[in-house]
Amino acid sequence: MKRFYSCALAVAMLLSFVGASRSQIQTRIQQERSKAGGLAKKLQAKRAHLNAVAARVQSLKSQLARTNAEMSTVRSQLGVLSAQERSLQARISWNSIQLAAAQKSLAFQDGLLRKRLVGIYEYGEPDYLSVLLSASSFSDFVERWQDLQLLIKANEKAVIARRNAERKVATAQRDLQRMQISLQEQQQAQQRAQNRLAALAAERGNLVAVADQQRRSAAVEVATYEELTAAEEARLEALIRRRQAEIAAEEAARRRAAGIAGNAVAPHGPIHFTWPVTGIITSPFGWRKNPFGSAPEFHTGLDIAAPMGTTITAAASGTVMMAQWYGGYGKFILIDNGDGYSTAYGHLSAFYVAAGQHVKQGQAIGAVGTTGYSTGPHLHFEIRINGKPVDPAPRLP
């Protein structure tokens, strides 16, 4: 009997100690949950900022694409201008040759006309009538008449040739001047195009610099808060595991106390879990290729694909320990199911329960989503024993 009372007293003291410890742990859990929630909100804000920056970067990329297209157009224009410049240079060279020939022809015609004028000056203008009347015969008259006609035509041709040569020289000079002006205009246009190209290149560099700076700043902020959030969530999970262990110890102590008092009860049987959502298993428990990298990773649960917004139910009754954003899990729910068991639900799109709430098996607790590190709408479901994930498949009907 004395031994019985000693054992009962020890159990009572143990339960009292466990109760006090439970209160302290629960308080710390609430504190850490509050800190984790605050960090999660800040992280969400930073992610929202990162999304805004990503949208800005996308806008800048569109601007860069337009800038590149315009730069390509300017390069094409430069190519056309260069071809036009070469063509004008060739035409100017040809006109220069024509001008030189016209000037040479003009000089020749000037020489002929000058000789004829000198002859007229030295010998006088011939009297055409005297020349004809001095003919010795009719045939001589005809010959003299033909000679005079040739002389008159030669004089007229010399004058016409002189005028034509002058016109050719004047036309060639005007064409040359016009082409030179056109070439200067083309060269100025080419220079403007080159200046525009330089301005576009500078604009492109500025856009790239702005995009890179914004992306780096946002990424650093998100990474910082992810580290802080992960550390806080790790502390919270450690406290929750400690709390689960204490609950298991408390339950064992109660059973021992009941046994000592002569009221032994059978231990709880295994928990019967139900499927939290209906869908296709896209990734089982165990080793797999990381969908976000090339290295293999150990997958700690089942991925069950289901349409976005599909209702998720509690796989077993218990107390909600977490209902918040939880790192790569995204929106995450952790339920303590008792006897060291807990169930986890990740990548949700909505919460229907809150931390501290008691839920029954089959009760709606959230909705399927694709938050956190996710490649599409699905539920990541885990069963844990004393905080360690185990394969859910053999434990589901």
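Values for this structure:
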read-out: Extension gain (nm, one decimal) between residue 199 and residue 294, 0.36 nm per residue minus Cα-Cα; value: 30.0 nm
read-out: Over 24 Å (Cα to Cα) - which of 104/157; 35/289; 42/289; 41/388; 41/289; 331/360 fall in this group; value: 35/289; 42/289; 41/388; 41/289
read-out: Sequence of 312, 271 once ranked by neighbouring C-beta atoms within 10 Å, starting from the fewest; value: 271, 312
read-out: Reachable lysines, given that their alpha-carbon falls under 26 Å from the alpha-carbon of residue 61 and they are not under 8 places away in the same chain; value: 46
read-out: q = 0.10, 0.17, 0.19, 0.21 Å⁻¹, the range 274-397: log10 I(q)/I(0) [Debye, one scatterer per Cα]; value: -0.26, -0.78, -0.99, -1.23
read-out: Packing-based ranking, highest mean first, of 164-172, 316-324 given that Cβ atoms within 10 Å are counted; value: 316-324, 164-172
read-out: Potential extension, residue 180-residue 390 segment - 0.36 nm per residue separation minus Cα distance; value: 66.9 nm
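Any read-out appearing in this document is the output of simple, stated calculations on the displayed coordinates, not a laboratory observation. Everything numeric here is computed off the predicted structure, so don't read it as measured data. All Cβ positions, glycine included, derive from the backbone under ideal geometry; neighbour counts span all protein chains shown.
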